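Enquirer: My questions all concern the structure below.
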Amino acid sequence: KQEVTQIPAALSVPEGENLVLNCSFTDSAIYNLQWFRQDPGKGLTSLLLIQSSQREQTSGRLNASLDKSSGRSTLYIAASQPGDSATYLCAVSTDKLIFGTGTRLQVFP
Amino acid sequence: NAGVMQNPRHLVRRRGQEARLRCSPMKGHSHVYWYRQLPEEGLKFMVYLQKENIIDESGMPKERFSAEFPKEGPSILRIQQVVRGDSAAYFCASSPTTAFGTEAFFGQGTRLTVV
């Protein structure tokens, strides 16, 4: 059974710091891995999609890496801003998306 | 191309009533997935449907919950005789072809409150 874990569960940092959020999964037989952002009381916004054959994807200040063999992905956020405050979810794709428990990020001015 | 549309955004029901949640997938998407997010918890898979077919309902509670995706119209998640524990955010996602080999797009969710 696929299980997805995210650490840390919560993170509070001052503005400007570079951050690393971690995601691990137990079964490496995945199609892809997605990182999402969820603001309080809102839906999910897709940030990055990494196909199983890829190692990383970049979008602006975000960079996500994937090491399928070890069952790990990281989301790197450069030069964090207060607007980055949200919950970040990773999800692995098999025949359905399996979500991690999320990292709640707070960036303070 | 509008995104995944869910309605209503907020729904309040008294215990014992029925809740009907609607999801219109993105244009050209024929695969729909429903997820439930309990307060302070992650998203849990409920059901995967294609047009007129339930493909995987392994996450659906055995009683009171049902889902459909008719040939015409939105997908419907139906909860009969709601209880307080059904209070949650229900999210719908869609994809264009096969199950999640491609990017998943989510709606804004329906927040169900049972009073």
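Enquirer: Please go through (1) within 14 Å of chain A (Cβ to nearest Cβ); (2) touching a strand residue (DSSP E or B) at 6+ places or on another chain (Cβ under 7 Å); (3) under 28 Å from A:S53 (Cα atoms) for B:M60 and return the number of the only condition it doesn't satisfy.
Expert: Going through (1) within 14 Å of chain A (Cβ to nearest Cβ); (2) touching a strand residue (DSSP E or B) at 6+ places or on another chain (Cβ under 7 Å); (3) under 28 Å from A:S53 (Cα atoms) one by one, B:M60 breaks only (3).
Enquirer: Among the residues of the range B:1-40, how many are open to solvent by 60 Å² or more (accessible area, probe 1.4 Å), out of contact with any helix residue (DSSP H, G or I) (no Cβ under 7 Å at 6 or more places or on another chain) and either more than 27 Å from A:T103 (Cα to Cα) or touching a residue at least 60 places away in the same chain (Cβ under 8 Å) (or both)? Reasoning before the result, please.
Expert: First, pick out the residues of the range B:1-40 that are open to solvent by 60 Å² or more (accessible area, probe 1.4 Å): B:1-2, B:5, B:7, B:9-10, B:12-15, B:17-18, B:20, B:22, B:27-28, B:39-40.
Filter again for out of contact with any helix residue (DSSP H, G or I) (no Cβ under 7 Å at 6 or more places or on another chain), leaving B:1-2, B:5, B:7, B:9-10, B:12-14, B:17-18, B:20, B:22, B:27-28, B:39-40.
Remaining after also requiring either more than 27 Å from A:T103 (Cα to Cα) or touching a residue at least 60 places away in the same chain (Cβ under 8 Å) (or both): B:1-2, B:5, B:7, B:9-10, B:12-14, B:17-18, B:20, B:22, B:27-28.
Number of matching residues: 15.
Enquirer: On to the next question. Please report, ordered by residue number, the strands (runs of 3 or more DSSP E) entirely within the range A:16-109 with at least 1 residues that are more than 25 Å from B:G59 (Cα to Cα).
Expert: Working: elements: A:19-25, A:32-38, A:44-51, A:56-59, A:62-67, A:72-77, A:86-93, A:97-99, A:103-108.
Fully inside the range A:16-109 and qualifying: A:19-25, A:44-51, A:56-59, A:62-67, A:72-77, A:86-93, A:103-108.
Enquirer: Quick one: A:S93 ticks every box in (1) open to solvent by 30 Å² or more (accessible area, probe 1.4 Å); (2) more than 20 Å from B:Q108 (Cβ to Cβ); (3) facing chain B (nearest Cβ under 9 Å) except a single one, so which number is it?
Expert: (1)
Enquirer: Of the conditions (1) of a type in the set (D, E, K, R); (2) under 19 Å from B:P8 (Cα atoms); (3) within 14 Å of chain A (Cβ to nearest Cβ), B:E68 satisfies every one except a single condition; which number is it?
Expert: (3)
Enquirer: Among the residues of the range B:71-104, count how many are at the interface with chain A (Cβ under 10 Å from one of its Cβ atoms), more than 16 Å from B:Q37 (Cα to Cα) and buried (at least 16 other Cβ atoms within 10 Å of the Cβ). Walk me through it before giving the result.
Expert: From the range B:71-104, those at the interface with chain A (Cβ under 10 Å from one of its Cβ atoms) are B:89, B:91-93, B:95, B:98-104; that's our starting set.
Imposing the further condition that a residue be more than 16 Å from B:Q37 (Cα to Cα) reduces the set to B:95, B:98-104.
With buried (at least 16 other Cβ atoms within 10 Å of the Cβ) added as a condition, the list becomes B:95, B:99-100, B:102, B:104.
Of the residues in the range B:71-104, 5 are at the interface with chain A (Cβ under 10 Å from one of its Cβ atoms), more than 16 Å from B:Q37 (Cα to Cα) and buried (at least 16 other Cβ atoms within 10 Å of the Cβ).
Enquirer: Which residue pairs have Cβ atoms closer than 6 Å, lie 6 or more positions apart in sequence or on different chains, and pair a first residue in the range B:62-87 that is without any contact (Cβ under 8 Å) to a residue 24 or more places away in the chain with a second residue that is surrounded by fewer than 16 Cβ atoms within 10 Å (Cβ to Cβ) and part of a loop (DSSP other than H, G, I, E, B)?
Expert: B:R64/B:Q80; B:R64/B:Q81; B:K71/B:K51; B:K71/B:E52
Enquirer: Tell me the residue from A:P40, A:P82 that is in contact with an Asp or Glu (Cβ under 8 Å, 6 or more places away or on another chain), more than 10 Å from every other protein chain (Cβ to nearest Cβ) and open to solvent by 40 Å² or more (accessible area, probe 1.4 Å), please.
Expert: Values: A:P40 fails: in contact with an Asp or Glu (Cβ under 8 Å, 6 or more places away or on another chain).
That would be A:P82, the only listed residue that is in contact with an Asp or Glu (Cβ under 8 Å, 6 or more places away or on another chain), more than 10 Å from every other protein chain (Cβ to nearest Cβ) and open to solvent by 40 Å² or more (accessible area, probe 1.4 Å).
The values are calculated or read from the model by the stated rules, or taken from the named source; none is laboratory data. Model, not experiment: these values are computed from the prediction. Cβ coordinates were reconstructed from backbone atoms using ideal geometry, including for glycine residues, and neighbour counts include every protein chain displayed. All accessible areas refer to the heavy atoms of the entire protein, side chains included, with ligands and DNA or RNA removed. Shrake-Rupley method; radii C 1.70, N 1.55, O 1.52, S 1.80 Å.
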